[in-house]
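**Student:** The structure's right below; bear with me while I get my questions together.
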Amino acid sequence: MLKSLSTSLILRGVAATLVGILALAWPWVTVLALVILFAVYAFVAGGLQTLRAFSSDTAGPVFGHLLLGLVSLAAGVIALAWPLPTALVLVLIVGTWAVISGLVEILSAFRAGESAGTRAMFLLGGLVSIVFGLVLLARPDMGAVTLAVVFGLFNLIYGAWMLVQGRSEEHTSELQSLTNL
């Protein structure tokens, strides 16, 4: 269907741009979609764990897989029954992840053999990640909307980049076909 790289990039760019616009227009709908997506993931994971339990040869793993399956199914039910608390917990998880990954990036800046530019990028990226995480942790209620807005902005930027890459690839392909004549 997509015979050229440029067409694929352009279509992905359009899709990302549309998702970005929707996320910015309706941030709470985006948060709810994230919660529903998490619930679907939990249901699928629970089902797969349950299937795995019955494919095991010994009783020990059966109990563990069934327990994990039940926990996953319960997480999915809880996410759908209480979407707002689930969204807040997801924001807290993302905030904690951002702080920890920021600290790791800062520590990575001091590894031996890194150039000054690489060190600076690790430090800057780590600081931005830590600040982002702390903002989410300080106000998880606003953090959910913030995540939706950041997601929307990311998709707008990514979509624009994909559109530019697609057009660039299209022109490169045209130039190569002309030079091959």
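**Student:** Could you check which residue among Val89, Val150, Val62 shows the biggest mean-square fluctuation in a GNM of the chain with a 10 Å Cα cutoff?
**Tutor:** With Cα springs under 10 Å in the chain, the top fluctuation among Val89, Val150, Val62 is at Val62.
**Student:** Cut-off 10 angstrom, C-alpha nodes, Gaussian network model of the chain. Which of Leu92, Leu107, Leu84 fluctuates the most?
**Tutor:** Leu107
**Student:** Which one of Gly117, Gly133, Gly69 has the biggest mean-square fluctuation once the chain is modelled by GNM with Cα springs under 10 Å?
**Tutor:** Gly117
**Student:** Here is a further query. Between Tyr158 and Thr96, how many nm apart are label points set 7 Å from Cα along the C-beta direction?
**Tutor:** A separation of 2.4 nm, rounded to one decimal place.
**Student:** Would you please classify the overall shape of region 84-181 from the alpha carbon gyration tensor, given that a ≥ b ≥ c denote the square roots of the eigenvalues, rounded means a/c under 1.5, and beyond that prolate means a/b larger than b/c while oblate covers the rest?
**Tutor:** It comes out oblate by the Cα gyration axes.
**Student:** When the helix-only estimate is applied to the chain (DSSP H runs of n ≥ 4, each -39,500 (n - 2.57), divided by the residue count), what is the mean residue ellipticity at 222 nm, nearest 500 deg cm²/dmol?
**Tutor:** For the chain, the value works out to -31500 deg cm²/dmol.
**Student:** Sticking with this structure for a sec: From the list [x] 9.6; [y] 17.0; [z] 10.2, can you say which value of mean projected area of the Cα convex hull in nm² was derived from the structure given?
**Tutor:** Recomputing mean projected area of the Cα convex hull in nm² here picks out [y].
**Student:** So if each residue of separation counts as 0.36 nm, and I subtract the Cα-Cα distance between Thr118 and Leu67, what length gain in nm does that give?
**Tutor:** Between Thr118 and Leu67, full extension yields an extra 13.9 nm.
**Student:** Here's a follow-up. Within 10 Å of each candidate Cβ there may be at most 15 other Cβ atoms; applying that plus a DSSP loop requirement, which chymotrypsin sites (Phe, Trp or Tyr not before Pro) in region 30-128 survive?
**Tutor:** Here the sparse-neighbourhood loop sites are Phe54, Phe110.
**Student:** Could you work out the longest stretch of the chain that avoids the trypsin sites (Lys or Arg not before Pro) located in DSSP loops with at most 14 other Cβ atoms within 10 Å?
**Tutor:** Between exposed loop sites, the widest span is 4-110.
**Student:** Continuing with this model, one more query. Taking the simple approach of a point 7 Å from Cα along Cα-to-Cβ for both Thr179 and Ser4, what is their distance in nm?
**Tutor:** My value for the distance between the label points is 1.7 nm.
**Student:** Rolling a 1.4 Å sphere over the protein heavy atoms, what is the accessible area per residue of the chain, to the nearest Å²?
**Tutor:** It amounts to 64 Å² per residue over the chain.
**Student:** Continuing with the same structure: Could you please state how large a percent of the accessible area of the chain is carbon and sulfur, counting protein chains only and using a 1.4 Å probe?
**Tutor:** C and S fraction of accessible area: 78 percent.
**Student:** Against the longest alpha carbon principal axis of the chain, how many degrees, from 0 to 90 and to the nearest 10, is the axis of helix 140-179 turned?
**Tutor:** Relative to the chain, helix 140-179 is tipped by roughly 40 degrees.
**Student:** Dimensions of region 66-122 along principal axes (Cα, Å, largest first)?
**Tutor:** That works out to 50, 27, 11 Å along the principal axes.
**Student:** Work out Dmax and Rg for region 42-94 from the C-alpha atoms and quote the Rg first, both in angstrom.
**Tutor:** Computed over the Cα atoms of region 42-94, radius of gyration and Dmax are 13.3, 41 Å.
The values are calculated or read from the model by the stated rules, or taken from the named source; none is laboratory data. Remember, it's a predicted structure, so these values are computed and weren't measured experimentally. FYI the Cβ positions are ideal-geometry reconstructions off the backbone, even for glycines, and counts take in every protein chain you see. Remember, those area values only see protein heavy atoms, side chains included, never the ligands or the DNA or RNA. Shrake-Rupley method; radii C 1.70, N 1.55, O 1.52, S 1.80 Å.
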